Each structure stands twice: as structure tokens, then as C-alpha cells.
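Below: the structure, in C-alpha cells.
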Amino acid sequence: MKHPFKFIITLILILSAIANSYAGEGMWLPQLLKLLNEKEMKSMGMKITADDIYSINKGSLKDAIVHFGGFCTSELISAKGLLLTNHHCGYDAIQSHTSVENNLIKNGFWAKSHKDELPNAGLTATFIDYIDDVTALITAGITDDMTAEKRQSIVDKNLSEVKKSYKLESYQEVIIRPFFDGNQYFAFVTTIYKDVRLVGTPPESIGKFGSDTDNWVWPRHTGDFSLFRIYAGKDNKPADYSPDNIPYTPKHFLPVSMDGVSEGDFTMVFGFPGRTNQYLPASAVKQVVNTLNPAKIKIREISLKIMDKYMREDVATKIKYASKYATIANYWKKWIGESQGLQQTYAVNKKLDYEAQFQKRLPQNSPYKTLLTDLDKLYTDIDQYALARDYYGEITLRNVELTAYMGTLKRLVTAYEKNGDKGYFEILGRVKDFSADFYKDFDAKIDHEKLGALLDLYVDKLDEKFVPEYLRRQNLGISDGESYATMVKEQYTLSSFSSETGASEILNLEPSKAVAAIKSDPIYALSSAWSDFYSKEIATPYSNIRKEIDLKLEKYTKAQMEVFKEKRFYPDANSTLRVTYGKVNGYKPRDAVSYEPITYLDGIIAKYIPEDYEFDLQTRMLELYKSRNYGPYADKTGNLPVCFIGSNHTTGGNSGSPAIDAYGNLIGLNFDRVWEGTMSDINYDESICRNIMVDARYILWVVDKYAGASHLITEMKLVYPKTKGKTKKKNSLSPCKYGIFKNQKYNFIVSLIVWAVSI
Ligand code: ARG
Ligand code: GLU
């Protein structure tokens, strides 16, 4: 051999690289970290213990992690209940306090004192008190040969009994969720605070910088954060809103690190990921890519175009629709990225290979032999129902608002028909509250334009058997090929519910008259006929097949765990508390392109487009940049970091989750994933899946230097470099970077030899 040294070095490097590709994948249960993950986390650099992360006997990190409104995550960062979350998580609240005269979205908002903090009716902050494994109790009485229906009825009965067995305080709740597709059940006892007030938000030119163009994309420069505060009764327990409530004193809050991050640093994200589907069969993935995603993307594209047109014309409309538009746009873009990613990473083929392996490994007499072919058939059977279901849900519930509102009226009508005046008055108050909220941000012309265009799509794209008689063109006097737009517009003009005045006139009538008026309203009639048809012709057959699929998926997940013993399984996300960990890490999105893991304020300025809808900046930002007024928040090179990425496995719901360093300090705020990695809910690939976080120092800088809200900084606990004096070598072969052993000491020695030999 000519160059034995070179060969050895290459071999060591290859081995090291393989060993160094630690698992970024996985959303782990905090109570099982000690058993499953602690060792690996420590080998990756973590300095605290699993017990410091989750303990029911002492204050731990979990006491600082709060489910925000049930849809996002947030964390406590002061002894006075100060809560950090994303700007887009607080957006609904921010929008609700915004008017043309007092434009919090545009100008930002910073409460000067506690009494200026803004209450938000309905917004909750939920803590996890403890978690129990209740699998044995929930699955008691179930056998393998049961039908889906029988099984479900036993589970439901057990669920309600186990729930009842918990002795709870009035402010506590117990939530029981299935894991591994129903193979395991955990109960979460929670405490829910109901007085959560807005403390501060940057202007949208920071909090939403880059808006939809930059959404789901790296490199990113969004300061996506906002601040809230939890208020409690005098006893520090949850209480309904009252001006007398006091700031909540937490069991634990996160200190904020001033240390900053570098490539390779350990990171952990702690929060409430919403939903993932890692263990699906290929047939289900095919359905997402070929059938469901394209349909939903098209529907939302039409809806977004209509809103955008009117929002750009008028500030008041922009404010009204800001939050709704962002919500619809978010998943529209996510599905585009997801489909692309699944195709580009050959996710279906990968699944097929995996399934072939699975099949090969099954013993001759395995009860799972036909599982995959059964599932294939069931996914084929459900395909058109699933499509029709998505069409109906997307159009009538998530994009057109008046049809969704009719669902609320339907409950009122049903209450009256079942229980007369008494039933009616029982829910009228709630309907009126809901209506007030609804009409505040409703514009009938946008809405009828959406319904017209989306009805065209529904009728033209779906099989005729999914179109109710009531909606067929011939029955509405619309000629073939003609749009529904004119008809829908007329119906909106005739409907009392196109305006708040019309609606409240009806809701103030006596019950029998109100119900008669509602039932004869043209939009109510249309929605109600459509919804009855839907539940009979679409939802029922769908859920009959779905039950069978769920039963098979439960078995398939169990079978995968039995067959692939060497694989480490983690449960799919289901809006319960999880820990995911990785490292600060760039990535290569495609050939010859490589992304750095950190962005800087310079990058914001480079993206700046004066007067632009998405990339405009306020003068203050430009001034601070010019004077380089970064205070203590710049990094060692004197630049102000803005965002960074890491290999933490996150999903929707993880927004607002803290990024935590090796010592348990806050280093960033999770808010997004990179474009190539949006498919990670279905097909995680650690070479390209990265989560995006705002750097804690940028948050501090905005609060302190940009907004001048230094009183909030004083409230926090800033921790200064623990790693002082540690100089990171630029040399890529610097000690510790390469590791074939779990123990860093040996890696250090190996790296040292490699490094010495290579120079
Ligand atoms: N993509 C992030 C998430 O899923 C951020 C969304 C912010 N919304 C937006 N339309 N830009 O929540
Ligand atoms: N922005 C997402 C959220 O609202 C987080 C990004 C993701 O889906 O990973 O939770």
C-alpha cells in the first residue's frame, strides 16, 4: 500500500463520521429520558441529568414549560410569571388588541408596568403536574381478535373510569392519550391558568419579518417572539381573570444564557409537538403526496389569493384578516414543502424497502403476514372518501367563514328542537359571545368570493356522488360550466347573517321566531343541507374504514417494534410534552450548496426592501444597525446573531418551545423548520431536517435596545459564559469534533491522533 497513513486516516474519519451521526430523530417522553436517552444526551454534551429535566419530587425544567393556549408552547423566564412564546403564537391575541388607530401589529407593544398588560379572554397556560402510565387499565379486557368497534367501546369505557378515578382540584384536568397507535396509554394531570396577559410584542417588521416568503425557509431572519405573563389568585393558584390577580410565582423558570451558540453545541427542545406520522405504510404516504396534499394546497391557494387582494387594498381589512391569513398560509406552504420533500427523498420507495424487510423478517406463521396488504386495500378503499372529507372540511370549516359559523347556529337550533326555550337559552350566551368575536373580523365580500370559487372547485373536482342534490348546478339554475359565484353572492345578499346587525336582530328574537328565521336563511339552508349530506355520504363511510385502518395500524406499529428490535422507537407526536435533542448544525440542501447554522443582523439589512409588504424595516432598526448599538448581545465577532438551526426533531405545536443548552439555560426559541425538512412529520431524514430558533440574544436585544423595555430584562436571570476561556478551534479536525466512542475521553484521544497525523 502506497500511503498506509492516508488509508488509516480515511478509515478513522469514515468510522468517526458514522458514529458521529447521532440520532437527532425522536420526540421523547420526559419521564422515560433516564431509561432511554440520558446516556446519549450526556455523550452529546449535556451536563444536567434526566432528573433535572423531569421530576415530580423537586422543581425541574418541566415546571417552566407551559402549553400555550393548547396550540403552542411557551416557557417561564422570570420569577414573576413572565412567559416567552412566538410572535405567531401570540398573533391572535396581538391582533385582537389591534385597530387602525392603535396598531399593535405594525408598531409593537410594550407594557410599561403590570397594570398595562393586556388580558386575553379564553387564553390558557397549562402545566403538566405529573404523568402516569395507564396502559394496563385502559387496555383491560381487550383481545387481539376483537372488531374495531368492540375494542373502541371497551377503551372508551375504561377511559372514562380511569379519568373518574383521579382526585383533582377544580383547576386540574386529566388527559389520557394513546401512544404508539394505541399500544400504550399515558395520563397527564394538568393545571390550567386562565389569566394570561400580553406583556410585549415587537412590530411585525421584526416578529414577522419575511412573512410568508421566508416562512419554512432557511436562512431566516425573523424575530418571532412575544411576551405574556401568567396571573394567579392570591394563593398562586389558577383564577378567572380579575384585576386583583397577581403575577404567578413559578416552581422553576429558565435562566437566559448570554453565552450564545456555536456549531456542534448540544441543544434540547422541550415542548408540545402536535402530530406526526412516522410509522405509516407506503400506501398512506402515497395518498398524502398524490391525493390529499394537492387538493388542500389548491383550495388554500384560491382562498389566500382572494384575501390577499383585499388585504393589500385596505389597512383595516389587513388587520381583520392578518391572523386568519397567516394560519391558512402556514400549512398551505408546509404541504407544498412536505410533498416536495417526500418526493425528493423517495419517501414512498424507502417505505416500500422497509416493508419488504419487515415482511422478510416475519416468521412463517406470524399473525401479521397480511397486515400490509390489508392496509394497502383499506387505503385504496378510503382514498376518495378521505379526499371528499378534506374538501368539505377545508372549504366549509377552515376557509369559508360563514358556513363555519352556521355550525354554531345549528347547535342553537338543535338545542331548541330538543329542549325548547330552556335548551335555547342555555347556549344563547355563548353563541352571542362567539358572534361578537366572529363579526369583528368578518368581511362578507371576501367570504362570498371564496365560497363561489371553492364551490366551483368542489363540484368540478369531486365525483358527482359527493355533491349533494341541493348543490348541483341544475338544481340551482346554474348552467353547465358556469361559476357558482353569482348565485353565492345573491345568497349572501339575501342572508341576514352577512352582517352583525342582521345576525343580532335574529338572535334577539324570541326563540321560536329566531329558530324559524335561522332555518329559512339561505346560507343556513345551504350549509345545513351540505353538512347533513356530508355526515351521511362522506363522514360515515370514511369513519367506518378509518376504524379498520386504526386497528391495523395499532398492530402494524406493534409488529414493527417486535420485528426491528435494533431500532429505537419513539411515539408519534400527539400534543403531549416531549423532549427532543440534537446539536447546532448547518446542512447541505442540495449538491454544492451548504448552509451555515447562524444568521446575523447584517442579513436582515441585506433583505430589507423599503415599503415592502414583507421585508420593510422601521427606521429605528436601521439607526441601531448603523450605530452598531448591540450592547452586550453581540457575539465574539461583534455581530448580532438573529436565528440558528439545529438537528432537533420538532413539529407544529413546538412553536414557542425553548431551545435549552447543556446546562438547562435558554439559548433560543423554536419557531420553524427548514424547507427541505418539512416532510419530517412523515419521513425524518437527519441529513436535512433542521429546526429554526430565534437566538436568545436577539430577543434580549430587541426588548432592551430596540424597545427600551429594560425593566423586562431586569426581571430575567441572565447567565454569563460558563465556558469562559474556552476557545473553539477553527480547524475542522480540532479535538472532540470526531468521535467513534460514546465516551468523549476516547474520542478526544482518537481525534488528537488523527489531528496529529494529518498535520
Ligand atoms: N411556519 C411556522 C409555524 O408553523 C411559522 C408560521 C408563521 N406564520 C406565517 N404565515 N408566516 O408555525
Ligand atoms: N411554526 C410551527 C408551530 O406553530 C413550528 C414549526 C414546525 O412545524 O416545526 O408550531
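What does a probe at Ser242 reach in the stretch 141-183, counting residues whose amide N is under 16 Å from the point 7 Å along Cα→Cβ? Under 16 Å, as judged by backbone N against the label point of Ser242, lie 170-171 of the stretch 141-183.
Toward the positive end of the charge dipole of the stretch 575-680, with +1 on the Cβ of Lys and Arg and -1 on the Cβ of Asp and Glu, the farthest Cα among Ile605, Val579, His649 is that of Val579.
Multiplying the residue separation of Gln344 and Phe434 by 0.36 nm and removing their Cα-Cα distance gives an extension gain of 28.0 nm. Its residues counted as N, the chain yields a C-alpha radius of gyration over 2.2 N^0.38 Å of 1.00. Taking θ as phi - 60° and the Karplus parameters 6.51, -1.76 and 1.60, the scalar couplings of the stretch 196-204 work out to 10, 10, 6, 9, x, 8, x, x, 4 Hz in sequence order, x denoting glycine and proline.
For the stretch 187-282, the Cβ-based charge dipole about the Cα centre amounts to some 380 debye (Lys, Arg positive; Asp, Glu negative; other atoms uncharged). The alpha-carbon atoms of the stretch 88-167 define a convex hull whose volume equals 197 cubic angstrom per residue. Averaged over every viewing direction, what's the projected area of the C-alpha convex hull for the stretch 567-726? Give it in nm², one decimal, please. Projected area, direction-averaged: 12.5 nm². Placing unit charges on the Cβ atoms of the charged side chains and taking the dipole of the stretch 135-271 about its Cα centre, the candidate lying farthest along the positive direction among Phe253, Ile175, Pro219 is Ile175. Taking the DSSP beta bridges with both ends in the chain, the antiparallel portion is around 95 percent.
Past 20 Å, Cα to Cα: identify those pairs from Lys351/Lys565; Lys106/Lys318; Lys150/Lys418; Lys286/Lys360; Lys167/Lys251, in the order given. Violating the 20 Å limit, Cα to Cα: Lys150/Lys418; Lys286/Lys360; Lys167/Lys251.
Each peptide among 573-584, 290-301, 535-546 gets the average number of other Cβ atoms lying within 10 Å of its residues, and from highest to lowest they stand as 573-584, 290-301, 535-546. Taking other C-beta atoms within 10 angstrom as a stand-in for reagent exposure, Tyr595, Tyr54 fall in the order Tyr595, Tyr54, fewest first.
So what is Rg over Rh here for the stretch 224-287, counting just Cα atoms and using Kirkwood for Rh? With Rh from the inverse mean 1/r over Cα pairs, Rg/Rh is 1.19. Placing a pseudo-label 7 Å from each Cα along the Cα-to-Cβ vector at Ser153 and Ser366 gives an inter-label distance of 3.3 nm. Here, P(r) means the percent of Cα pairs in each 10 Å bin from 0 to the largest distance; for the stretch 356-412 it is 20, 25, 19, 16, 14, 5. Using Cβ contacts closer than 10 Å as the measure, can you line up Thr651, Thr135, Thr143 from fewest to most? By the 10 Å Cβ count, ascending, the order reads Thr143, Thr135, Thr651.
Of the two radii for the stretch 415-474, the radius of gyration is 1.18 times the Kirkwood radius, both from the alpha carbons; that is the Rg over Rh value.
When only the Cβ of Lys, Arg, Asp and Glu is charged (+1, +1, -1, -1), the dipole of the stretch 214-372 relative to its Cα centre reaches about 740 debye.
Peptides 677-684, 117-124, 656-663, 97-104 ranked from most to least packed by the mean count of surrounding Cβ atoms within 10 Å: 656-663, 677-684, 117-124, 97-104.
Restricted to Cα atoms, the stretch 362-478 shows a radius of gyration and a Dmax of 21.0, 65 angstrom.
Building the convex hull from the alpha-carbon atoms of the stretch 240-363 and averaging its projection over directions returns 16.1 nm².
Within the chain, the whole DSSP H helices whose Cα atoms reach 27 Å or more along their own axis and whose mean Kyte-Doolittle score is at least -0.5 are 371-392, 401-440. Normalising the average separation of contacting C-alpha pairs (under 8 angstrom, six or more residues apart) by the number of residues puts the relative contact order of the chain at 23 percent. Here the residues Ile328, Ile523, ranked from fewest to most Cβ neighbours within 10 Å of their Cβ, fall in the order Ile328, Ile523. May I ask you to list the lysines whose Cα is less than 17 Å away from that of Lys34, ignoring any residue fewer than eight positions away on the same chain? Partners within reach: Lys42, Lys47, Lys58, Lys62, Lys742.
Taking the Cα centre of the chain as origin and assigning +1 to Lys and Arg Cβ atoms and -1 to Asp and Glu Cβ atoms, the resulting dipole is close to 2720 debye.
Taken together, the values in this text are just the output of simple stated rules run on the coordinates, not laboratory data. Please read these numbers as outputs of a predicted model, since none were measured by experiment. Methodologically, a virtual Cβ is constructed for each residue, glycine included, from the backbone with ideal geometry; neighbour enumeration extends over all protein chains shown.
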